[in-house]
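For reference, the structure discussed in these notes is given below.
The values are calculated or read from the model by the stated rules, or taken from the named source; none is laboratory data. Note that the structure is predicted; figures quoted are calculated from it, not measured. FYI the Cβ positions are ideal-geometry reconstructions off the backbone, even for glycines, and counts take in every protein chain you see.
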Amino acid sequence: MKEIEGGVPRAIKELCERKQIACLMPILPRTRIDGSNFDTQMLTRPTILFDESCPEFYRRPDIEILKMLNQSKLRMLKTGHKIANKIIVGGISAGGGLANRFSLLYPDIVKASAVLLAGDSYPESEINGVRVGYPFGTADIEQIQGQRFSFVEFKRIKHFIFVGGKDNDPRNNSFSHDLNYDEDVITRLKPVLGANKVEMYERYVLRLKELGISVTTIKRDDLSHQVDDEIMSQVCGFIESAF
């Protein structure tokens, strides 16, 4: 883990400079070994749950992120900076998946979440009669965290979710990346969560709204798996409104 400036979208960097907000970017490896996906950048299932097939180096990247946050907070406190109780998470594509899943794991420390080109982590243990575990649901969150999932805390989070209307490439679908997930569960989940990225976005957003969760949504029919300056400007507006 380290903090860098490179890779931070220009609009976000300018917002942070203008508002004096600390922007931290975790650098996480993306690795496939013998057909298994240990993509820590997406907090995939085997990296979060104890999985003997997952090398120790790749396990629990979420805890490494927490360490980075705590170390940064201590350093800033020593230099007289004001530290908020909660953080805003966000990302694009795999980074959006990380933000979405981190919110599911740690809803008590997240104030707002900006998920771009991702989003499929439901704050529920069962969807349409299908028991759903991490990362698509909360059925085994207690096994991961040692305590039950708090829907009350998750509901306090403000969500911004964006998808491109042409984003139907199966390589961008979360199911394509969670290769270690139970195949039988995946087969049953696809008709429920959606067959492609756009369907997954639409059903996820609809369910969040049904649950009374605050969510700002944008679907751009002229874009596929990409983000432009207009979208980033709206993300910045969302972040400012979350303070």
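A few notes on this one:
- Number of the exception - Leu208 against (1) in a loop (DSSP other than H, G, I, E, B); (2) closer than 22 Å to Glu126 by Cβ; (3) aliphatic (A, V, I, L, M): (1)
- Residue in the stretch 220-231 that is part of a helix (DSSP H, G or I) and surrounded by fewer than 14 Cβ atoms within 10 Å (Cβ to Cβ) present: yes
- Top-ranked residue of the stretch 13-29 - restricted to ones that are buried (at least 18 other Cβ atoms within 10 Å of the Cβ) and of a type in the set (A, V, I, L, M, F, W, C), ranked as modelled with the lowest pLDDT: Leu28
- Residues in the stretch 30-60 that are aromatic (Phe, Trp, Tyr) and outside any loop (DSSP other than H, G, I, E, B) were compared, and the one that is surrounded by the most Cβ atoms within 10 Å (Cβ to Cβ) is Phe38.
- Considering only residues in the stretch 61-84 that are within 18 Å of the chain's Cα centre (by Cα) and free of Cβ contacts under 8 Å to residues at least 60 places away in the same chain, the one that is surrounded by the fewest Cβ atoms within 10 Å (Cβ to Cβ) turns out to be Ile63.
- For first residues located in the stretch 213-224 and closer than 27 Å to Arg156 by Cα, partners that are surrounded by fewer than 16 Cβ atoms within 10 Å (Cβ to Cβ) and acidic (Asp, Glu) and lie 6+ apart or on another chain with Cβ distances below 6 Å do not occur.
- Selection within the stretch 84-94: residues that are touching a Leu at 6+ places or on another chain (Cβ under 8 Å) and not aliphatic (A, V, I, L, M). The member of this set that is farthest from Ala118 (Cα to Cα) is Gly90.
- Qualifying positions in the stretch 113-161 - within 17 Å of the chain's Cα centre (by Cα) and acidic (Asp, Glu): Asp120, Glu124, Glu153
- Listed by position, the helices (runs of 4 or more DSSP H) contained in the stretch 73-188 that have at least 3 residues being over 29 Å from Ile21 (Cβ atoms) and not basic (Lys, Arg) are 141-145, 174-177.
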